[in-house]
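A.B. asks: Got a structure here, written out as structure tokens. Questions coming.
The values are calculated or read from the model by the stated rules, or taken from the named source; none is laboratory data. Because the structure is a prediction, the values reported are computed rather than measured. As a convention, Cβ positions derive from the backbone with ideal geometry for all residues, glycine included, and neighbour counts pool all protein chains shown. When the accessible area is computed, the model is the full protein with side chains, heavy atoms only, and any ligands, DNA or RNA have been set aside. Shrake-Rupley method; radii C 1.70, N 1.55, O 1.52, S 1.80 Å.
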Amino acid sequence: MAGGRLRPAIMSAFNQELARRLAALREQGLYRELRRVDSPQAPHLEVDGQALLNFSSNDYLGLANEPALKEAACQAVQRYGAGAGAARLTCGSLAPHHELEEALAAFKGAAAALSFSTGYAAALGAIGALVGKDDFLILDKLVHACIVDAARLAGAKLRIFAHNDTEDLEHILQWAERQVGRPKSTADASRPRVLVVTESVFSMDGDQAPLRELVALKEKYGAWLMVDEAHATGLYGPNRRGLAEELGVSEQIEVQMGTLGKALGAAGGYICGSRTLIQYLVNRARTFLFSTSPVPAAVAAATAGIRFVQSTAGQQRRNLLWQRVSDLRSALANQAPGPRPPALAPLRSPLPGAIIPLLVGDENRAVQISAALRSRGIFIPAIRYPSVARGQARLRLTLTAGHSLADLEQLLAALRTLDFGA
Ligand SMILES: *Cc1c(COP(=O)(O)O)cnc(C)c1O
């Protein structure tokens with residue numbers, strides 16, 4: 001093993017095997033590749049040297065490139081440096097982390113908050129800390145990959161309920177209750193626990209969970225509820241805390257999760273809830289314990305993002321976003337059909353939403369349509385398995401407060417020329 005290098009024959013067998021797997025992905029229309037963006041997040045992007053109008057960002061309020069957030073990040077770098085140096089529980093719990101968590105708790109109206117390096121890490125850490133192999137974990141069929149991965153890692157007994165189907169969930173809760181048996185007392189510490197996890201606004205479909213009904217069910221069966229507000233934080237409710245606030249159930253949800261990387265414009269994840277929950281996660285959430293804390297720039301930008309969302313300007317951005325959503329929805333509904341109009345998913349909720357999926361079905365077809373749109377100056381990547389089920393490929397169109405009416409016109413003109421049929 002001269003020089004410690006793998007022998008060429010081994011390397012080449014390794015690469016051949018991976019190349020074979022990649023070829024299989026290509027055949028199924030599931031191959032993915034990176035596109036280099038040479039501009040900040042905005043409706044107008046420079047992608048691989050081409051100017052494109054972007055309809056795929058989760059930067060719903062246009063905060064990713066907002067001066068107040070950039071300024072806060074720069075100041076944090078000046079004051080606290082580029083790196084955090086260590087995990088939170090050693091010497092990496094810097095003032096900006098504490099400021100962020102205070103701002104988060106106040107924003108969400110929760111007793112306490114804990115920040116993580118990503119939303120993904122928040123899900124993995126919280127679920128893994130709360131349930132183990134003797135417990136039951138019940139997930140909506142369409143929850144995000146990070147919750148699915150958390151479930152695998154936690155090793156709890158896993159059941160999936162049909163998407164937003166409270167009847168199906170109730171059957172599973174009844175089944176779990178039979179497995180658990182009657183508690184000797186409500187404080188019976190040895191009793192297996194049941195944790196239900198869902199999203200408030202679903203990332204790939206844009207529809208909303210019936211949170212009031214879910215809360216009523218989990219209370220009826222003594223289960224715990226965790227809600228991922230990744231696509232709702234900053235957008236719903238009088239204080240823009242999320243859909244739980246809009247529906248008046250925030251205080252009945254044991255674990256409120258979200259990301260700082262979407263409407264809040266920065267990066268990171270969070271869990272909000274009781275002080276005891278947060279103390280418990282500080283002690284038990286492995287993605288919190290065993291990972292270097294987020295850099296000062298990211299947490300300071302997130303704090304500024306929260307402050308922005310809470311301000312009058314934040315409210316105006318949110319209103320502008322809903323105005324654009326309504327503009328686009330009515331234009332799509334009234335559009336004279338092209339060769340085959342996009343299968344606009346029916347609006348299944350009375351509330352507006354920034355995620356508007358155009359269903360295609362076939363994976364290769366979705367990739368072709370996305371490429372055709374790109375040649376017309378529109379950027380909407382094809383979303384395919386494993387982000388959505390096989391045969392459910394789609395263009396996941398998202399709007400942000402930064403889109404102008406002229407941008408919508410350009411999108412509609414491009415869509416008119418396309419054939420969405422399978
Ligand atoms: C994006 C997303 C996450 C992950 O958050 P990150 O901060 O990007 O890691 C979790 N849940 C949902 C529903 C998401 O869309």
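A.B. asks: Output the residue which, of all residues in segment 254-264 that are in a loop (DSSP other than H, G, I, E, B) and open to solvent by 10 Å² or more (accessible area, probe 1.4 Å), is nearest to the ligand (Cβ to nearest atom).
C.D. replies: Result: 261.
A.B. asks: Scan segment 149-159 for residues that are outside any loop (DSSP other than H, G, I, E, B) and either within 16 Å of the ligand (Cβ to nearest atom) or over 22 Å from residue 211 (Cα atoms) (or both) and jot them down.
C.D. replies: 149, 150, 151, 152, 153, 154, 157
A.B. asks: Filter segment 240-253 down to the residues that are hydrophobic (A, V, I, L, M, F, W, C) and more than 16 Å from the ligand (Cβ to nearest atom), then identify the one that is least open to solvent (accessible area, probe 1.4 Å).
C.D. replies: In this case the residue turns out to be 249.
A.B. asks: Restricting the first residue to segment 157-169 and requiring it to be under 20 Å from residue 205 (Cα atoms), which pairs with a second residue that is open to solvent by 50 Å² or more (accessible area, probe 1.4 Å) meet a Cβ separation below 6 Å and a spacing of at least six or different chains?
C.D. replies: Filtered contacts from segment 157-169: 160/141; 162/141; 163/141; 163/142; 166/213.
A.B. asks: Can we say residue 270 is open to solvent by less than 10 Å² (accessible area, probe 1.4 Å), in the same structural domain as residue 160 (by TED's automatic domain parsing) and within 12 Å of the chain's Cα centre (by Cα)?
C.D. replies: Yes; evaluated as a whole, the condition is true for this residue.
A.B. asks: Look at residue 178 and say whether it is open to solvent by 10 Å² or more (accessible area, probe 1.4 Å), in the same structural domain as residue 149 (by TED's automatic domain parsing) and within 24 Å of residue 146 (Cβ to Cβ).
C.D. replies: Working: open to solvent by 10 Å² or more (accessible area, probe 1.4 Å): yes; in the same structural domain as residue 149 (by TED's automatic domain parsing): yes; within 24 Å of residue 146 (Cβ to Cβ): no.
No, not satisfied.
A.B. asks: Can you run down the residue pairs with Cβ atoms below 8 Å, 6 or more apart or on separate chains, where the first is in segment 240-261 and within 14 Å of residue 224 (Cβ to Cβ) and the partner is open to solvent by less than 30 Å² (accessible area, probe 1.4 Å) and in a loop (DSSP other than H, G, I, E, B)?
C.D. replies: Final answer for the pair search is 256/110; 256/229; 256/242; 257/229; 257/230.
A.B. asks: Looking at (1) over 19 Å from the mean Cα position of the chain (by Cα); (2) in contact (Cβ under 8 Å) with a residue 24 or more places away in the chain, which one does residue 95 not meet, given that it meets all the others?
C.D. replies: (2)
A.B. asks: Name the residue, out of 304, 230, that is closer than 30 Å to residue 412 by Cβ, open to solvent by 10 Å² or more (accessible area, probe 1.4 Å) and either assigned to a strand (DSSP E or B) or of a type outside the set (Val, Ile, Thr) (or both).
C.D. replies: On the way: 304 fails: closer than 30 Å to residue 412 by Cβ.
Within the list 304, 230, the selection yields 230.
A.B. asks: Another one. Of 325, 360, which residue is more than 15 Å from residue 401 (Cα to Cα), surrounded by 18 or more Cβ atoms within 10 Å (Cβ to Cβ), touching a Pro at 6+ places or on another chain (Cβ under 9 Å) and modelled with pLDDT of 90 or more?
C.D. replies: The unique qualifying residue is 360.
A.B. asks: Among what's in segment 65-100 and is closer than 30 Å to residue 243 by Cβ and touching a Phe, Trp or Tyr at 6+ places or on another chain (Cβ under 8 Å), pick the residue that is surrounded by the most Cβ atoms within 10 Å (Cβ to Cβ).
C.D. replies: 96
A.B. asks: Which condition number does residue 280 fail, the rest of (1) aromatic (Phe, Trp, Tyr); (2) open to solvent by 70 Å² or more (accessible area, probe 1.4 Å); (3) touching a strand residue (DSSP E or B) at 6+ places or on another chain (Cβ under 9 Å) being met?
C.D. replies: Status for residue 280: all satisfied but (3).
A.B. asks: Report yes if residue 293 is modelled with pLDDT of 95 or more, polar (S, T, N, Q) and within 21 Å of residue 237 (Cβ to Cβ), otherwise no.
C.D. replies: no
A.B. asks: Moving on. Scan segment 48-64 and give yes if some residue there is under 30 Å from residue 393 (Cα atoms), acidic (Asp, Glu) and open to solvent by 50 Å² or more (accessible area, probe 1.4 Å), otherwise no.
C.D. replies: The answer is yes, given that some residue of segment 48-64 is under 30 Å from residue 393 (Cα atoms), acidic (Asp, Glu) and open to solvent by 50 Å² or more (accessible area, probe 1.4 Å).
A.B. asks: Residue 237 is checked against (1) away from the ligand (no atom under 16 Å from the Cβ); (2) assigned to a loop (DSSP other than H, G, I, E, B); (3) in contact with a strand residue (DSSP E or B) (Cβ under 9 Å, 6 or more places away or on another chain) and fails just one. What number does that condition carry?
C.D. replies: In the conditions (1) away from the ligand (no atom under 16 Å from the Cβ); (2) assigned to a loop (DSSP other than H, G, I, E, B); (3) in contact with a strand residue (DSSP E or B) (Cβ under 9 Å, 6 or more places away or on another chain), residue 237 misses (3) alone.
A.B. asks: Give 206, 269 a once-over and let me know the one that is modelled with pLDDT of 95 or more and within 25 Å of residue 41 (Cβ to Cβ).
C.D. replies: 269
A.B. asks: Residues 358, 373, 411: which one is free of Cβ contacts under 8 Å to residues at least 60 places away in the same chain and not in a loop (DSSP other than H, G, I, E, B)?
C.D. replies: Selected residue: 373, the only one of 358, 373, 411 that is free of Cβ contacts under 8 Å to residues at least 60 places away in the same chain and not in a loop (DSSP other than H, G, I, E, B).
A.B. asks: Which pairs have Cβ atoms under 9 Å, sit 6 or more apart or on different chains, and link a residue in segment 99-124 that is over 16 Å from residue 275 (Cα atoms) to one that is open to solvent by 10 Å² or more (accessible area, probe 1.4 Å) and charged (D, E, K, R)?
C.D. replies: The qualifying pairs are 119/262; 120/149; 123/149; 124/149; 124/286.
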